[in-house]
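Right, one structure below, let's go through it.
None of the figures in this text is laboratory data; all of them are computed from the coordinates on show. Computed from a predicted model, the values in this text were never measured in an experiment. Here the Cβ positions follow ideal geometry from the backbone for every residue, glycine too, while neighbour counts run over all protein chains shown.
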Amino acid sequence: MSRLATKKPSLENLLYEHQITMRPIQAEAFLAVLESGSIIDAARRLNRSRTTISAAISALEDDLNAELFERSGKSVHPTDLAWSIQPDCMRFLHTYRQILARCELERGGIETTLRLARDDSLPEAFWLEAMRSLKQRFPLTGISVYLAPPQELPALVSSQTVDIAYGLDLNKHTDNRIAVASLAGLRLIMVASTQHPLSRLPEVTPEDLVTQTQVTLAFVDADEQLVPDILNSSNYLALTQYELIRDAVMENAGWAWLPQPLVDPAVQSGQLKVLKTANTLLWKEFCGFHFSTECKGQVTLRLEEILANYLTRFS
């Protein structure tokens, strides 16, 4: 009979119908016999006795009330039903091994999942490489990344929306449960397009700045209002990401304070100009935010090592 001649029940339906819990040793033995075509070869592959493999197959057939192999002397021949449930058994065994591996991760201090928030004060290319490196080293850890303005990062940790957050420390913190750890200082540089009127001045004064549009950050505050990161001025364009601000400034929309890692390439290529003022540079701390009672796992510690190594270029 062709293996595709009739539709056979799935393993999931068989287990549900008979209220059976399949044991991993049964699935392992079944697949080994199915693939090798021999109980002796399956026992050798699994480093178990022939009796153990034979007993596991017989127990599985009894539990399922189904014939999976036709026996003739020492030979076994898979039935059509055996071939039809092969994919389900493979998925079952794969899931079981993943469960074991994740439990082993937890015992070894490796996060099974990591919910991460960050700002975009560091280039996207850096973050993509950092995530690739983490997944290569910790392939079973699920990592979720949420992009937010730096002002919103502490609140995301405080509400337990994320496990940890990384970005510039621009807020006064009111939640004493949140630990703030500085990874490095980072420069904010005042820039404008090379075609902007401010770029033509030999020195820019505060009076000059207020006459021109400032491109700045917009963020959601504690009252859930979208507000600009600016005081005592209505001449602004507020956006939620530093990269959007940089792009707007390069299009001559205004001037802005921007993190050095984002503006260096554009300054070097002549698209942006550092404005000459009494305070051309501002220093801010690039920090990690997390609950003070929570211990950092190996994935988090490795990410902080990657961040610290990168930030030393700009210290």
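Counting DSSP beta bridges with both partners in segment 61-217, what percentage is antiparallel, nearest 5?
30 percent
How about Lys273: which aspartates and glutamates have a C-alpha closer than 14 Å to its C-alpha, ignoring those fewer than 8 places off in the same chain?
Glu203, Asp247, Glu251, Asp264
With unit charges on the beta carbon (Lys/Arg positive, Asp/Glu negative), name the residue among Ile40, Pro123, Thr300 whose Cα is farthest towards the positive pole of the charge dipole of the chain.
Of the listed residues, the answer is Ile40.
Packing-wise, with mean Cβ within 10 Å as the measure, how do 219-231, 46-58 rank, highest first?
46-58, 219-231
Only Cα pairs under 8 Å and at least 6 apart count here; give the relative contact order of the chain as a rounded whole percent.
Relative contact order comes out at 19 percent.
Out of residues 5 or more away from Cys287 or on other chains, whose amide H comes under 5 Å of its own, with H placed 1.01 Å from N in the peptide plane?
Hits under the 5 Å cutoff: Gly167, Leu168, Asp169, Leu183.
Can you give me the C-alpha center-to-center distance between segment 190-244 and segment 245-268, rounded to a whole angstrom?
Distance between centres, Cα-based: 11 Å.
Sorted from fewest to most neighbouring beta carbons within 10 Å, what does the list Cys89, Cys287 look like?
Cys89, Cys287
Of all DSSP beta bridges located in the chain, what percent are antiparallel, nearest 5?
Percent antiparallel among DSSP bridges in the chain is about 70.
I'd like the distance between the alpha-carbon centres of segment 277-312 and segment 58-97, rounded to an integer number of Å.
One Cα centre to the other: 53 Å.
With +1 assigned to the C-beta of every Lys and Arg and -1 to the C-beta of every Asp and Glu, and no other charges, what is the dipole magnitude of the chain about the Cα centre in debye, to the nearest 20?
Roughly 1220 debye for the chain.
Against the empirical 2.2 N^0.38 Å scaling, what ratio does the C-alpha Rg of segment 198-271 come to?
Output field value: 1.17.
Looking at Ala218, Trp257, Val162, which one has the Cα that reaches farthest to the positive end of the dipole of the chain (charges on Cβ: Lys, Arg +1; Asp, Glu -1)?
Val162
Considering the chain, what Rg and Dmax in Å follow from its alpha-carbon atoms?
For the chain, the Cα radius of gyration and maximum Cα-Cα distance read 30.3, 98 Å.
Where does the chain land at 222 nm, in deg cm²/dmol rounded to the nearest 500, when only DSSP H runs of n ≥ 4 count, each adding -39500 (n - 2.57), divided by all residues?
-12500 deg cm²/dmol
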